[in-house]
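The values are calculated or read from the model by the stated rules, or taken from the named source; none is laboratory data. Because the structure is a prediction, the values reported are computed rather than measured. Here the Cβ positions follow ideal geometry from the backbone for every residue, glycine too, while neighbour counts run over all protein chains shown. These accessible areas exclude ligands, DNA and RNA; they are computed on the full protein's heavy atoms, side chains included. Shrake-Rupley method; radii C 1.70, N 1.55, O 1.52, S 1.80 Å.
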Amino acid sequence: MHTEILAVRAAGLSLGHGQAVVATSLERQGDARPLRSRVAPLLQGALRRRGLVVQSGPLQAVPPSDAKGPVLVAATYTPHGGTEQTAAVAVAPQDRAARAAVQSALRELEDALRSRAVLLASPRSFCAGVDRAIEIVERVLAQEDAPVYVRKQIVHNVHVVRDLERRGAVFVDELDEVPPAATVVFSAHGVSPDVRAAADRRELRVIDATCPLVTKVHAEARRFAGRGDTVVFIGHAGHEETEGTLGEAPDRMVLVESVADVAALQVPDPTRVSYLTQTTLAVDETTEVIKALRERFPALRAPHSEDICYATTNRQEALRAVAADSDLVFVVGSVNSSNSQRLVELSTRQGTPAQLIDDASEVDPRWLREAATVGLTAGASAPPRLVEQVIDSLAGLGAIHVEEREVTQENVQFALPRAVRAK
Ligand code: SF4
């Protein structure tokens, strides 16, 4: 990488100590057009990890003598097999610490330069339940002038939530934060009957974005409990879906998370036990738990069809198709996304290290030094554009060859609730 110190021309740009602006594109004098910086997200993340407050935007470089404003640390480079790239950051003129941080982040990028293969798992990213939940909020926002409240994160993804917040959605943890008679959307993960009753008491207009596949498990919980079974729910404690489903029959349902929990189970009648599962579990681990349940309760009754949903199963199968041939796997998804976490664990169990990243800015270039083949997937709540962003950033580090490995095609669609359907 060839690094230069330049000045930057940008109207009103003033930077204090510890602040930086990463160029999303850089225009130099004499350039026919600005050069887009593909590695800008990687650089933003690297600088944030070094404690800087980072923004980003297009920058224009001028010779140092022409301006007195911020200093521009700019690098141009042509990675092996790739095309000319740029990486540039503006910092305050006297901020030596920030300048050192930029130089160190650029060295980190330089160490990660190489051509790579990218194995793209398919299916990945949005499922039908997430698509539907987001569309429901968008439609309610378009219908209503008053604030639209959403109980909990509509889906477990920080980018989706931020985007809807910018468009006017107000996310709350509990219904007592919603003014009486306001409109509230229930998230894709479902709610317990207690929450529905609380909404009725507050006379809220409820739009339910619960995924129909979660609703199916709720219905099974009511039915199995109603026939007198102890219903063992295999899931993760504290997850919203678990709380909602257990709330259907709190006196007759018990939660197990592992084979060890099965061994400790006490039930009133071992001949009347059935099980249900959270929709986003690891298929292989859940099979082990069900096997342990069958051994303890030979008369165990199962749901009519799998509760682990098609989207979870498909994304795990697709991950298997790429993990074994990858040096490193990236799973795009948020930390509270259950199905994304299961993808990370599955890759690790397959012997390939995996990193959960919210977006490309969370890719640490040091992970990439030895990685000639990168597997890439996204959890069911992660927007597809974030996967594209990761691919683009990798392309800023050298030529990439992208191979998509599709294990199946998805064509599932769920109808919208009547309240938001177009008239
Ligand atoms: S992951 Fe499965 S259960 Fe969850 S919203 Fe998507 S389709 Fe529905």
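Brief remarks follow.
- Relative contact order computed over the stretch 128-211 (Cα-Cα under 8 Å; 6+ residues apart), in percent: 34 percent
- Of all DSSP-defined beta bridges confined to the chain, some 30% are antiparallel rather than parallel.
- Per residue, the Cα convex hull of the stretch 12-169 amounts to 186 Å³.
- In the chain, the longest principal axis of the Cα atoms and the axis of helix 384-395 are about 40 degrees apart.
- For the peptides 214-220, 149-155, the ranking by mean Cβ contacts within 10 Å, running from highest to lowest, is 149-155, 214-220.
- Taking all protein chains as shown and a probe of 1.4 angstrom, residue 83 keeps an accessible surface of around 90 Å².
- Against the main long axis of the alpha-carbon atoms of the chain, helix 310-323 sits at an angle near 50°.
- Estimated from the Cβ-Cβ distance and a Förster radius of 41 angstrom, the FRET efficiency linking residue 135 and residue 2 is about 0.30.
- Under the convention that each Lys and Arg Cβ holds +1 and each Asp and Glu Cβ holds -1, the size of the dipole of the stretch 276-388 around its Cα centre is about 360 debye.
- Rounded FRET efficiency, nearest 0.05, which uses the C-beta distance separating residue 83 from residue 264 and R0 of 56 Å: 0.40
- Taking the empirical scaling 2.2 N^0.38 Å for compact globular proteins as reference, the stretch 213-296 has a Cα radius of gyration ratio of 0.99.
- Backbone N under 16 Å from the residue 299 label point (7 Å along Cα→Cβ), restricted to the stretch 255-288: 267-275
- A 1.4 Å probe run over the stretch 128-211, with the rest of the protein chains in place, finds 43 Å² accessible per residue.
- Square roots of five times the Cα gyration tensor eigenvalues for the stretch 238-350, Å: 29, 16, 12
- Positive dipole terminus of the chain, leading residue within 12, 408, 382 (C-beta point charges): 12
- Using only alpha-carbon positions in the chain, the gyration tensor eigenvalues give semi-axes of 47, 27, 17 Å once each is multiplied by 5 and square-rooted (largest first).
- Computed FRET value (nearest 0.05) for residue 223 with residue 421, which takes r as the C-beta separation and R₀ as 25 Å: 0.30
- The slack between residue 414 and residue 348, meaning 0.36 nm per residue of separation minus the straight C-alpha distance, is 20.5 nm.
- The stretch 10-103: Cα Rg divided by the 2.2 N^0.38 Å rule of thumb: 1.03
- Counting only DSSP beta bridges with both residues in the stretch 283-423, the antiparallel share comes to about 0 percent.
- Over the stretch 146-259, the fraction of Cα-Cα pairs per 5 Å bin, rounded to whole percents and listed from the shortest bin up, is 2, 12, 20, 21, 18, 13, 8, 4, 1, 0.
- Remark: C-alpha extents of the stretch 128-211 on the principal axes read 31, 26, 19 Å, sorted largest to smallest.
- Placing pseudo-labels 7 Å out from each Cα toward the beta carbon at residue 165 and residue 110 gives an inter-label distance of 3.8 nm.
- A straight chain from residue 355 to residue 181 at 0.36 nm per residue would run longer than the Cα-Cα distance by 58.3 nm.
- Sulfur and carbon atoms: percent of accessible area, the chain [1.4 Å]: 48 percent
- Charge tally in the Cβ shell below 13 Å around residue 326, where Lys, Arg are +1 and Asp, Glu are -1, residue 326 excluded: -1
- Mean separation of Cα contacts under 8 Å (6+ apart) over length of the chain, as relative contact order %: 21 percent
- For the stretch 90-157, a/c is not less than 1.5, where a ≥ b ≥ c are the root eigenvalues of the C-alpha gyration tensor, and a/b does not top b/c. That puts it in the oblate class.
- With Cα atoms, 0 to 90° folded angle of helix 40-49 axis to the chain main axis: 80 degrees
- Considering the stretch 267-423 at the alpha-carbon level, its Rg and Dmax are found to be 19.0, 63 Å.
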